[in-house]
Amino acid sequence: ATLLLSRCLLKMVKENIVVPEEILSFCCNGLQGSTSPLCAREPEEREEVPGAMASPSPARNPTEVQMSQLVLPCHTNHRGELSTGQLLKWIDTAACLSAERHAGCPCVTASMDDIYFEHTISVGQVVNIKAKVNRAFNSSMEVGIQVSYEDLCSGKHCSICKAYATFVAQGPSGCKVKLKPLTPQTEEEKIEHSIAAERRRMRLVNKDTLKDLLTRSPHETELETRDGSVAVPAEKTRVESVELVLPPHANHQGNTFGGQIMAWMENVATIAASRLCHAHPTLRAIEMFHFRGPSQVGDRLVLKAIVNNAFKNSMEVGVCAEAYGQEMSVSRRHINSAFMTFVVLDQEGRPRTLPMVAPEPGDGERRYREASARKKIRLDRKYVVSCKQTEVPLSVPWDQSNKVYLSYNNVSALKMLVAKANWTLAREKEKVRMYTLEEDKFLSFRIEMTVRITAGQAFSLLSDLRRRHEWDSHYASAELVQQVDDDDMIYHVVSQKLSRENKPQDFVILASRRKPCSKGDPYVVAFRSVTLPTHPASASFTRGETICSGFCIWPESEETSKVAYYNQATPGYLNYVTTNVAGLSSNFCATFEACEKFLLKNKEDLIMRLQDL
């Protein structure tokens, strides 16, 4: 306060303005001048506005960490842009601090999901990072990270990337620590908390997805040339470098920061990419990866990189990190492997055409094929998982390479709908309550009731679409087309309702089931339309589509459960809805009452079958 008043005093003197004696006396006496009239009036002024600071502010997530870093020349590359390795270090640090806030003990990075870098950041701009724990499982937790940049001169803000990291809490002796559950408060937190279980499931099957695709894809490694150039031997892009882990590179437990390892890996990957294109590449994406083990202060980290495959406008670089101690006789420990996608931009910022890569026989050809498979999986994952719901077509082609991501999208879309907070009660008839939600171009419905049946029994009965015609008059039949796995099935459904062409409608529907991940989670049965080459649209039917629908079932007691059905209407359905609101709500309630009778009727039969098993 003294400094601010002194600056005002100096400005007034320079402009020949008469300085009041009260201000002059206060500046001379400093903050200890309690006899100053200005200081004497301060308590009186505060009493006049006792509620000035009493306005409630939105509750902040206790695990939220915010970091702002000014980009200096020492943080940048030759183009004056922030080094991606430096950004990765900041991201890992912020995420680790958030994880440790929740765990109350040291945490280590276990994995990082795909990261797509949308823009570069220049010197003088500010990087803003916000990290908070989305969900805590047993000993691991998911941390969501949002990165943006701010231009201090223009005031412009722009998103850079969004990432999800998994951290593991460790006790004093390195053992895992059981985490306390996290209770989400806001609608956004509830959505992230619910979908975190689906992302965890997707991480666990990531390797299996690649193996499954490789067994089905032909082993083609034919070389091509572009722009009249010959293929570059992959061996010419190989890079090997060693780093000594020093105390500044490690946390308080002596373990190397995951972000530091990622920064070193990004450095050697950039060199490998440069050797292929003889230019300065730009990192666009980092594939989902896992840390296989820790490294400590004093370790030597050997980092190896090579270009696995070069496509028309992008290339994949594989990087491996191994650690060893002072004694060379001890075998190296595999710390991490990652796959990074680079592009080379021309002066207009457009990707340049890249030369082809000639893989080495054996392992080189294997890496070449795997890079092609990873590209397809990466595009499927980005297309299905990362896009907003309005950007994904209703019926996405289903195949073995994207089955995991379509299942994820199916369940997460329903969970996002469940977590919405602005539902309005439209009708209540006895035990059945109907709610509506108007949002953007969609109108959604929720019908719920309490039934004297266990949640597990209701889940088993409602997840089989082949029995839906027993209680839903809109269904004529449902044929199981493909049993994808224990939790995902594809059905061909024929509806009783006739279309405008006076033909029955049919649907190809992916049904995804999920049991509760932890206490408080519901049983979930999600439905969405997909397309199958074995079941194209037929002239006998009018092909219909459903964007998001399904059941959520919550246990309320040992014998009762709350059953809720959700349906998000497509834009083409809205005209019918707006002109038939009363009839539609009556129809929904009648159908749900029939559903209750179906559940109660088949409960005893289900119990007997389970006892026989």
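The values are calculated or read from the model by the stated rules, or taken from the named source; none is laboratory data. Values in this document were obtained by computation on a predicted structure and should not be read as measured data. Because the Cβ atoms are built from the backbone with ideal geometry, glycine has one as well, and the counts that use them run over all protein chains shown. Remember, those area values only see protein heavy atoms, side chains included, never the ligands or the DNA or RNA. Shrake-Rupley method; radii C 1.70, N 1.55, O 1.52, S 1.80 Å.
From the list THR120, THR84, the one residue that fits, being out of contact with any Gly (no Cβ under 6 Å at 6 or more places or on another chain), under 15 Å from MET262 (Cα atoms) and polar (S, T, N, Q), is THR84. Scanning region 387-423 for residues that are at pLDDT 90 or above, in contact with a helix residue (DSSP H, G or I) (Cβ under 8 Å, 6 or more places away or on another chain) and of a type in the set (S, T, N, Q) turns up just one, SER412. Sub-9 Å Cβ pairs linking a first residue in region 344-361 that is free of Cβ contacts under 8 Å to residues at least 40 places away in the same chain and in the same structural domain as GLU235 (by the TED database) to a second residue that is in a loop (DSSP other than H, G, I, E, B) and small (Gly, Ala, Ser), at least 6 apart or interchain, are PRO351/SER314, ordered by first then second residue. Under the condition of being open to solvent by 50 Å² or more (accessible area, probe 1.4 Å) and within 18 Å of SER495 (Cβ to Cβ), the residues counted in region 539-561 number 5.
Please determine whether any residue of region 493-502 is open to solvent by less than 50 Å² (accessible area, probe 1.4 Å), touching a strand residue (DSSP E or B) at 6+ places or on another chain (Cβ under 6 Å) and at pLDDT 90 or above.
Yes - at least one qualifying residue is present in region 493-502.
Screening ILE335 with (1) in contact with a Pro (Cβ under 7 Å, 6 or more places away or on another chain); (2) assigned to a strand (DSSP E or B) gives one miss only, at (1). Just one residue in the set VAL343, VAL317, VAL302, VAL307 is over 19 Å from ASP113 (Cβ atoms), open to solvent by less than 60 Å² (accessible area, probe 1.4 Å) and within 24 Å of the chain's Cα centre (by Cα); that residue is VAL343.
Taking VAL297 and the conditions (1) over 30 Å from CYS107 (Cβ atoms); (2) open to solvent by 30 Å² or more (accessible area, probe 1.4 Å), which numbered condition does it fall short on, given that it satisfies the others? The single condition VAL297 does not satisfy is (1). Being within 32 Å of the chain's Cα centre (by Cα), among the polar types (S, T, N, Q) and under 29 Å from PRO504 (Cβ atoms) narrows it down to one residue among SER463, SER473, SER477; which is it? Residue meeting the stated conditions: SER463.
ALA526 fulfils the conditions (1) among the aliphatic types (A, V, I, L, M); (2) closer than 24 Å to LYS190 by Cβ; (3) without any contact (Cβ under 8 Å) to a residue 24 or more places away in the chain except for a single criterion, (3). Quick check on region 264-294: of everything there that is over 23 Å from the mean Cα position of the chain (by Cα) and assigned to a loop (DSSP other than H, G, I, E, B), which residue is nearest to THR120 (Cα to Cα)? Only one residue tops the list, namely PRO281.
From the list GLU118, GLU142, which residue is within 22 Å of ASN251 (Cα to Cα) and touching a residue at least 40 places away in the same chain (Cβ under 8 Å)? Just one listed residue meets the conditions, GLU142. Summed over region 206-262, the residues that are within 14 Å of ALA310 (Cα to Cα), open to solvent by less than 30 Å² (accessible area, probe 1.4 Å) and modelled with pLDDT under 75 give a count of 0.
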